[in-house]
1. Of all the residues that make up segment 170-205, how many are charged (D, E, K, R), farther than 20 Å from Leu151 by Cβ and in a loop (DSSP other than H, G, I, E, B)?
2. Does Phe23 meet the test of being in contact with a helix residue (DSSP H, G or I) (Cβ under 8 Å, 6 or more places away or on another chain), in a strand (DSSP E or B) and crowded, with 18+ Cβ neighbours inside 10 Å?
3. Does any residue of segment 193-203 turn out to be farther than 21 Å from Cys93 by Cα, of a type outside the set (S, T, N, Q) and in contact with a Lys or Arg (Cβ under 8 Å, 6 or more places away or on another chain)?
4. Kindly list the number of the only condition in (1) over 20 Å from the mean Cα position of the chain (by Cα); (2) not in a loop (DSSP other than H, G, I, E, B) that fails for Lys81.
5. Within segment 142-189, work out how many residues are aromatic (Phe, Trp, Tyr) and crowded, with 20+ Cβ neighbours inside 10 Å.
6. Of the residues Val25, Val83, Val62, which is in contact (Cβ under 8 Å) with a residue 60 or more places away in the chain, under 22 Å from Glu9 (Cα atoms) and outside the structural domain of Cys199 (by TED's automatic domain parsing)?
7. With surrounded by 14 or more Cβ atoms within 10 Å (Cβ to Cβ) and closer than 21 Å to Ile98 by Cβ as the only criterion, which of Arg8, Arg30 stands out?
8. Filter segment 99-133 down to residues that are modelled with pLDDT under 95 and crowded, with 18+ Cβ neighbours inside 10 Å and give me whichever is farthest from Ala176 (Cα to Cα).
Amino acid sequence: MILNYKKREDLLKEYGLKRPDTFLVQDEFRAVEVAEEMGYPVVAKISSDKHLHRTELGGVFVGISNSNELKEKFKKLSRIKEVEGVIIQKQICGVEMIIGAKNDSVFGPVVMFGTGGIMVEIFEDVTFRVAPFDSAEAEKMMEEVKGKRLLEGFRGKPEVDKRELSKLLSATSRLAHEKEIKELDFNPVIASEKGIYICDVKIVL
């Protein structure tokens, strides 16, 4: 079962997992209202428990910079079938990472961590741990990825708060273990000067 928006958000709050400002809306007027409250640029994407791969459907728009553009994108998203609404989210810039989990047939719940973007797509820069684990073990995971220099601040990118990231990884491991998660995908997770945020979430029970 793919968790819907409310169940996902409730689960993240239960484990203290931070999100950017995020709202589920049903009409373009509310979309504009929340976007102007949080400030542009924003991301608009469909919310659906029927579609795991939103990008392939044209279900995600990033870098929306004004209300007219948002209305146009909202209309396009609203035409996609089997959606529960449109998510409007504050766009966060920074260091991209990916965190995942699955219930392995041999090891049980296993958590994956990697540097995001091209590093994970081309170089498969990831490491794994059996869940649950503590913050100290999470710090070891950070040292194992090839892109660890990106976590330390590279070419103008912010330095990642490793203490906060270790807490996020540890909390994710508890979630995967305690809730018997079949599949979990936090991608991207973005570290900015203001903190570390889970920007996109998929959870399957």
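The values are calculated or read from the model by the stated rules, or taken from the named source; none is laboratory data. Everything numeric here is computed off the predicted structure, so don't read it as measured data. All Cβ positions, glycine included, derive from the backbone under ideal geometry; neighbour counts span all protein chains shown.
1. Qualifying residue count, segment 170-205: 3.
2. yes
3. So the first thing to find is which residues in segment 193-203 are farther than 21 Å from Cys93 by Cα, and the list is 203.
Remaining after also requiring of a type outside the set (S, T, N, Q): 203.
Of the ones still in play, those that are also in contact with a Lys or Arg (Cβ under 8 Å, 6 or more places away or on another chain) are 203.
Looking for residues that are farther than 21 Å from Cys93 by Cα, of a type outside the set (S, T, N, Q) and in contact with a Lys or Arg (Cβ under 8 Å, 6 or more places away or on another chain), one finds at least one in segment 193-203, hence yes.
4. (2)
5. Number satisfying all stated conditions: 1.
6. Going through Val25, Val83, Val62 in turn, just one is in contact (Cβ under 8 Å) with a residue 60 or more places away in the chain, under 22 Å from Glu9 (Cα atoms) and outside the structural domain of Cys199 (by TED's automatic domain parsing): Val25.
7. Answer to the selection: Arg8.
8. So the residue we want is Met119.
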